[in-house]
Protein chains: 2
Amino acid sequence: MNLRLPGPIPVPEPVAQAGAAPMINHRGPEFASLIQRTTEKLKQIYLTKNDVLTLTASGTGAMEAAVVNFMPPGSHALVITIGVFGNRFKELVSAYGGIATVLEFNFGSAADLGQIKDALEKNSEIKTVFVTHNETSTGVTNPIIPDLVKVVQDHDALLIVDAISSLSSVEFRTDDWEVDVVCSGSQKGWMTAPGLSFISVSEKAWKRFEENSQPRFYFDLLRHKKALADGQTPWTPAISVWFSLDKALDMMIEEGLDAIWARHARAGQRVRDGVRAMGLQLFSQEGVESNTVTSITVPTELDGLEILKIARERYSTVFAGGQAGLKGQIIRFGHLGYMPDSDLDSALDALRNTLVDLNFKA
Amino acid sequence: MNLRLPGPIPVPEPVAQAGAAPMINHRGPEFASLIQRTTEKLKQIYLTKNDVLTLTASGTGAMEAAVVNFMPPGSHALVITIGVFGNRFKELVSAYGGIATVLEFNFGSAADLGQIKDALEKNSEIKTVFVTHNETSTGVTNPIIPDLVKVVQDHDALLIVDAISSLSSVEFRTDDWEVDVVCSGSQKGWMTAPGLSFISVSEKAWKRFEENSQPRFYFDLLRHKKALADGQTPWTPAISVWFSLDKALDMMIEEGLDAIWARHARAGQRVRDGVRAMGLQLFSQEGVESNTVTSITVPTELDGLEILKIARERYSTVFAGGQAGLKGQIIRFGHLGYMPDSDLDSALDALRNTLVDLNFKA
C-alpha cells in the first residue's frame with residue numbers, strides 16, 4: 001500500500017525496526033540518556049531553547065495539554081480556525097471552561113490578520129490566542145504566524161500554535177518568531193508511528209501556568225518538566241515509539257532542516273502540478289497551499305468516497321477523504337516525512353487511473 | 001539485560017516484530033478490523049461483556065479517565081490505598097475536585113474490609129470507591145475485590161479498580177465479580193510495549209457518566225465508545241503498539257487464561273522460595289503476596305540502591321527499587337507476562353551473587 005495520508009505516514013524501515021529493540025527500564029540510565037538525546041534533537045528541529053516536552057498521547061493530547069496548562073478556566077480566548085483542527089481548539093476551550101471568541105475563516109482559505117486585530121481590539125479581556133499553523137483538513141498553511149505573534153504580544157496575550165502537521169516539514173521558527181506554545185506529533189513529518197506528541201513552552205507560558213487553576217494531572221506539564229530533569233517521564237512512556245523517534249531524529253538531523261523544508265516544497269509543487277495536469281482543481285486557495293498535504297476538490301459529477309475506494313482497491317494507494325462537513329467533497333493527498341518521488345508519482349498515477357475508471361473528462 | 005521490573009516487561013520477539021509492520025490508515029478498513037479484533041480479545045481476558053476501550057496513554061491515563069468520566073466534581077469518594085499507586089488515585093481525586101476520604105493501610109499489607117465498611121457507614125455521601133487490585137509498589141494483591149463489590153453496591157456507590165499490573169496475569173473476573181470500572185496497561189502482563197491502556201465500563205458506570213459534569217476531552221470515554229462503533233478511535237491511535245498488542249493477545253488466548261494464571265502463581269512461588277532461601281525477607285505480608293511482583297526488604301546493613309547498581313552492572317539484571325518513601329528500602333522483582341523459568345532463575349542467581357559481593361550473611 002502506498003500510504004498517502006497527511007499522517008500517519010509510512011515509517012522508514014530503520015525507524016520501524018528501531019522500535020522493535022529490547023525493552024528497557026523507564027527509570028534507568030538507558031532511558032535517561034534516550035530522553036535527553038531526543039529532547040535535544042527535538043529542540044534543534046523546533047529551533048528553540050524553550051522546554052520541549054514529550055507526551056505519551058496523540059497530537060490531540062498535546063492540544064489538550066496546551067489548553068489545561070495555559071488557559072485559566074473562565075478566561076477569554078480567541079480561537080482562529082480555518083478547518084477541522086482549528087475547530088478542535090474551539091471544542092477544547094469550551095470543554096475546559098474558556099470563553100471563546102471564534103474567528104472562523106472559509107475552509108480552503110488562510111486566516112486574515114486584519115480581522116484578528118479587530119477581534120482582539122474588541123475584547124481586551126482575551127488572554128490566550130489559539131491558531132493552527134497547517135490545517136490538515138483543508139491543505140492550507142497559515143502564513144501569518146510571525147506577524148500574528150506581534151499582534152498577540154501587543155495585546156499581552158499568549159499564543160498557542162498547533163503545528164502538528166507542519167513543524168519539521170515546513171519553515172517554523174519557534175524562537176525567532178517568539179511563539180509561546182507549539183504542539184506537534186510523531187506520526188507527521190517526524191516519520192515515526194503515532195503515540196508521542198510534543199509541546200514547547202516559553203518562559204511567558206510558564207508564568208501563565210503558575211496563575212492557572214485549571215485541574216490537570218496526566219497532562220500537567222510541570223510534572224513532565226520536573227521528571228525530565230531526572231531523565232524520566234512522570235508516567236510510563238511509550239518506549240518503543242521513543243526508540244523509533246530517536247532514529248528518525250538522527251535521519252532528520254543528518255538531512256538538515258533546510259534540506260527537509262526544500263524537499264517538502266518540491267514535493268508540494270510536484271503534487272499540485274500533477275493534480276492540475278489531470279484537470280482537477282485544488283480546494284486550497286492559491287498562495288496558501290500546504291507543502292505537507294494537497295487538498296483536491298472532487299468534481300461535482302464524481303463521488304469522493306468512490307475515488308478513495310477505487311484508488312485503494314485497484315491501485316493500492318490510500319488517500320484521505322474530507323472530514324466533517326467536507327466528507328466526500330475533497331481528496332487529501334499527503335506528502336510529508338518519508339516520501340521518495342517515486343511514491344508521489346505512483347500515487348499521482350493511481351489518481352489518474354482512478355479518474356479514467358470513473359470516465360472523468362476534465 | 002534481564003529486565004525484571006513489574007513493567008515494562010520484556011516483549012517477546014514476535015510481538016516486538018509485529019510492531020514494525022507497515023503503517024496503516026487509522027480511518028481505514030485495516031484499522032477497523034484491528035480494533036474490533038483486539039477489543040474482542042481484551043474482553044475475553046477481562047472476562048467481561050462490558051465495553052472495553054483502548055486509550056493511547058499509559059496506565060495513569062486510564063486512571064485519569066476513570067476519575068474524569070465517573071467522579072463528579074465536588075462529590076465524595078473513598079480512596080483505599082496500600083501503596084504508591086493507591087496514592088495516585090488520591091492525587092487524581094483531589095486534582096479533579098473530589099472530596100476524598102482516604103483509608104491508607106500499612107505498606108506491605110492488604111486493605112481491611114471491616115475498616116472499609118466503617119468508613120462507608122460514616123459517610124453516606126460517598127459515591128465512588130477507588131481501590132488498587134495489585135499494588136506494584138509493595139508487591140501486594142488485595143484479595144478483597146469480590147467482597148468489596150458487595151459492600152460498595154450496598155452503599156449504592158461505583159467501584160473503580162486499578163488492575164493495571166494484575167489483570168491478564170492473576171485471577172480477575174470483571175463480570176462475575178460485577179466490577180464497574182477496571183483499568184489496565186499494555187506494558188504489564190499483556191506483554192506489549194507501553195503506550196496503550198485499557199478501561200472497562202459497566203452500564204452503571206455509563207449512567208454515572210451521564211450525570212457527571214467534569215470537563216474532559218482526550219479521555220472522554222463516550223467519544224471513544226462512539227468511535228469504536230465505527231472501527232475507529234477519536235484521536236490518532238498508537239498504531240505500532242496496537243499491532244504488537246494484537247499479536248500478544250493471540251499468544252495469550254492460545255495459552256489460555258487458566259494456564260496463564262497458574263504460570264504466574266508458580267512464578268511467584270518460585271521467586272519467593274528463591275528469595276527466602278537467600279535469607280532475605282519479603283516486604284509483603286504472608287498470604288497477600290503478589291504473583292506479578294515480589295517485594296524484598298533490603299537488610300538494614302545493606303544499601304538498596306547499591307544492590308540495584310551491582311545487579312545491573314555486574315549481572316545484567318534490572319530490578320526495580322522502592323518508590324517514594326520506600327526508596328532504598330525494598331527491591332522489587334517483577335515476574336509477569338513473558339518470563340521463562342530460566343530468566344527467573346538467572347535473576348535469582350544475579351541477586352544471590354550481588355549479596356555475596358556485598359558480603360551479606362543471612
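The values are calculated or read from the model by the stated rules, or taken from the named source; none is laboratory data. None of the values given here were measured: they were computed from a predicted structure. Because the Cβ atoms are built from the backbone with ideal geometry, glycine has one as well, and the counts that use them run over all protein chains shown.
Within the range A:209-222, the presence of at least one residue that is among the aromatic types (Phe, Trp, Tyr), more than 14 Å from chain B (Cβ to nearest Cβ) and closer than 15 Å to residue A:66 by Cβ is confirmed.
Per the listing B:137, B:169, the residue uniquely in contact with a His (Cβ under 9 Å, 6 or more places away or on another chain), small (Gly, Ala, Ser) and crowded, with 24+ Cβ neighbours inside 10 Å is B:169. Residues in the range B:213-228 that are in a loop (DSSP other than H, G, I, E, B), touching a residue at least 12 places away in the same chain (Cβ under 8 Å) and either crowded, with 18+ Cβ neighbours inside 10 Å or in contact with a Gly (Cβ under 7 Å, 6 or more places away or on another chain) (or both): 6 in all. Taking the conditions exactly as written (touching a Lys or Arg at 6+ places or on another chain (Cβ under 9 Å), crowded, with 18+ Cβ neighbours inside 10 Å and farther than 30 Å from residue A:325 by Cα), does residue A:79 satisfy them or not? In short, no.
Number of residues in the range A:316-339 that are free of Cβ contacts under 8 Å to residues at least 60 places away in the same chain and more than 22 Å from residue A:166 (Cα to Cα) equals 3. Highlighted here are the strands (runs of 3 or more DSSP E) found entirely within the range B:87-188 that include at least 1 residues which are charged (D, E, K, R) and assigned by TED's automatic domain parsing to the domain that holds residue B:68: B:99-104, B:126-132, B:158-162. Among the residues making up the range A:193-208, a single one is within 14 Å of chain B (Cβ to nearest Cβ) and either among the polar types (S, T, N, Q) or free of Cβ contacts under 8 Å to residues at least 12 places away in the same chain (or both): A:197. The set of residues from the range B:306-335 being within 12 Å of chain A (Cβ to nearest Cβ), assigned to a helix (DSSP H, G or I) and touching a strand residue (DSSP E or B) at 6+ places or on another chain (Cβ under 7 Å) comprises B:308, B:311, B:312.
Sort through A:342, A:346 and tell me the only one that's under 24 Å from residue A:268 (Cβ atoms), without any contact (Cβ under 8 Å) to a residue 24 or more places away in the chain and outside the structural domain of residue A:170 (by TED's automatic domain parsing).
Of A:342, A:346, the one residue that is under 24 Å from residue A:268 (Cβ atoms), without any contact (Cβ under 8 Å) to a residue 24 or more places away in the chain and outside the structural domain of residue A:170 (by TED's automatic domain parsing) is A:342.
When you check residue A:124 against the structure, is it buried (at least 17 other Cβ atoms within 10 Å of the Cβ) and either touching a residue at least 60 places away in the same chain (Cβ under 8 Å) or not basic (Lys, Arg) (or both), yes or no? Criteria not met by residue A:124. A single entry from B:252, B:339 fulfils the requirement of being within 20 Å of the chain's Cα centre (by Cα) and farther than 29 Å from residue B:105 by Cβ: B:252. Among the numbered conditions (1) touching a strand residue (DSSP E or B) at 6+ places or on another chain (Cβ under 6 Å); (2) more than 9 Å from chain A (Cβ to nearest Cβ), the only one that residue B:106 does not meet is (1). Give the range B:297-320 a look and list any residue that's surrounded by 18 or more Cβ atoms within 10 Å (Cβ to Cβ) and either among the acidic types (Asp, Glu) or under 19 Å from the mean Cα position of the chain (by Cα) (or both), or say none. Correct list: B:319, B:320. For the structure I just gave you, tell me whether residue B:268 is part of a helix (DSSP H, G or I) and buried (at least 21 other Cβ atoms within 10 Å of the Cβ). Yes, satisfied. Looking only at residues in the range A:229-249 that are part of a helix (DSSP H, G or I) and within 7 Å of chain B (Cβ to nearest Cβ), which one is farthest from residue A:39 (Cα to Cα)? Looking at residues that are part of a helix (DSSP H, G or I) and within 7 Å of chain B (Cβ to nearest Cβ), I get A:240.
Can you spot a residue in the range A:28-48 that is facing chain B (nearest Cβ under 9 Å), touching a residue at least 24 places away in the same chain (Cβ under 8 Å) and in contact with a Leu (Cβ under 8 Å, 6 or more places away or on another chain)? No, that holds for no residue.
Taking the listed residues A:205, A:259, the one that is under 21 Å from residue A:337 (Cα atoms) and outside any loop (DSSP other than H, G, I, E, B) is A:259, with no other qualifying. Residues that are crowded, with 20+ Cβ neighbours inside 10 Å, of a type in the set (A, V, I, L, M) and either closer than 30 Å to residue A:229 by Cβ or more than 7 Å from every other protein chain (Cβ to nearest Cβ) (or both) within the range A:10-27 comprise A:15, A:18, A:20, A:23, A:24, listed in sequence order.
Of the residues making up the range B:72-110, just one is of a type in the set (Ser, Thr, Tyr) and more than 25 Å from residue B:124 (Cβ to Cβ), namely B:109.
Going through (1) surrounded by 19 or more Cβ atoms within 10 Å (Cβ to Cβ); (2) away from chain B (no Cβ under 12 Å); (3) closer than 24 Å to residue A:8 by Cβ one by one, residue A:179 falls short only on (3). The number of residues in the range A:43-76 that are over 15 Å from the mean Cα position of the chain (by Cα), surrounded by 24 or more Cβ atoms within 10 Å (Cβ to Cβ) and either of a type in the set (Ser, Thr, Tyr) or not assigned by TED's automatic domain parsing to the domain that holds residue A:127 (or both) comes to 1.
The set of residues from the range B:283-318 being closer than 20 Å to residue B:3 by Cα and either among the hydrophobic types (A, V, I, L, M, F, W, C) or modelled with pLDDT under 95 (or both) comprises B:293, B:296, B:298, B:305, B:307, B:308, B:310, B:311, B:318. Within the range B:120-155, being within 20 Å of residue B:67 (Cα to Cα), among the hydrophobic types (A, V, I, L, M, F, W, C) and touching a Leu at 6+ places or on another chain (Cβ under 8 Å) holds for B:120, B:126, B:129, B:130, B:131, B:148, B:149, B:152.
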